[in-house]
Every structure is written in structure tokens, then in C-alpha cells.
Amino acid sequence: MSADLLARHATHGAAALDDAAVEALLPAVPCWRMEAAPDTGVRLVRDFAFLDYMETIAFVNALAWMVHREDHHPDLQVGYRRCTASWTTHSAGNRLSENDFICAARADAIYAGRTGA
């Protein structure tokens with residue numbers, strides 16, 4: 001199903017997914033987890049590991065290009081050998097939309113292309 005997500009693009013004004021739709025999409029992005037967001041919503045989160053700071057920043061830059069094209073931007077926490085990305089759809093009441101899963105799958109593809117993981 002990840003290939004199905006990679007074939008799609010984020011759309012403006014995506015609606016919040018119901019719980020059943022979220023549960024159906026989670027297996028397509030198995031490295032991601034759901035967390036409560038501080039603003040009472042929910043977010044999709046993944047931690048990425050790297051060999052050093054330059055690899056981390058190269059990934060963040062590649063991710064920035066993708067999210068700019070998709071016009072759906074994550075929150076990022078960047079450290080020396082790690083980056084944590086989290087998505088939620090603010091316009092959908094800080095709930096998850098299909099856009100979050102599309103961008104998570106695309107982030108996974110970027111990571112795999114850079115690290116082989």
C-alpha cells in the first residue's frame with residue numbers, strides 16, 4: 001500500500017480521516033507511530049537515524065524539497081545524528097488526513113534512498 005501512497009500527492013483542504021481509515025493506512029507506513037499532539041490533536045511521528053550531522057542535514061534538505069512540492073509541512077526536530085518528523089493536518093482540526101500518510105511514505109522513500117534502510 002506504500003506504493004499506492006507514493007503515487008498520490010497531497011491536496012489542499014484534505015479532510016480528517018476517521019479512526020477506521022487511519023487504522024487502514026498505518027500498515028503502509030510501519031515505522032511511523034501516532035502520538036497525541038500538544039494542541040489536543042494527533043500526529044504521525046517517526047525518528048530517523050544517521051551516521052553524522054551532515055547526513056542528517058542532507059536528509060532534512062531533501063525532505064524540505066519534497067514537502068515544498070507537496071505543500072504539506074512537518075514539524076522537525078533535528079539533532080547531531082537524528083531527525084524526528086511529525087505530521088498532522090492543521091486545517092483538519094489537528095487530526096490526521098491522507099496528506100500526512102502520503103508525506104510519511106514519501107519521507108520513508110527519501111530515507112531509504114539515502115541510507116538503504
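The values are calculated or read from the model by the stated rules, or taken from the named source; none is laboratory data. All of these numbers come straight from a predicted model, not from anything done at the bench. Positions of Cβ are generated from backbone atoms using ideal geometry, with glycine treated the same way; all protein chains shown enter the neighbour counts.
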(Q) Which count do you get for residues in segment 66-117 that are surrounded by 13 or more Cβ atoms within 10 Å (Cβ to Cβ), touching a Phe, Trp or Tyr at 6+ places or on another chain (Cβ under 6 Å), of a type outside the set (D, E, K, R) and farther than 20 Å from residue 37 by Cα? (A) 1
Q. Out of all the residues in segment 88-104, which are at pLDDT below 95 and part of a strand (DSSP E or B)?
A. 89, 95
Q.
Of everything in segment 54-65, what is surrounded by fewer than 19 Cβ atoms within 10 Å (Cβ to Cβ) and either touching a Leu at 6+ places or on another chain (Cβ under 7 Å) or in contact (Cβ under 8 Å) with a residue 12 or more places away in the chain (or both)? Give them in sequence order.
A. 55, 57, 58, 60, 62
Q: Could you tell me which residue of segment 29-53 is surrounded by the fewest Cβ atoms within 10 Å (Cβ to Cβ), considering only residues that are touching a residue at least 60 places away in the same chain (Cβ under 8 Å) and among the hydrophobic types (A, V, I, L, M, F, W, C)?
A: 31
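This table checks each residue for (1) of a type outside the set (S, T, N, Q); (2) at pLDDT below 95; (3) under 18 Å from residue 114 (Cβ atoms); (4) assigned to a strand (DSSP E or B).
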{"position": "35", "(1), (2), (3), (4)": "yes, yes, no, yes"}
{"position": "54", "(1), (2), (3), (4)": "yes, no, yes, no"}
{"position": "61", "(1), (2), (3), (4)": "no, no, yes, no"}
{"position": "76", "(1), (2), (3), (4)": "yes, no, yes, yes"}
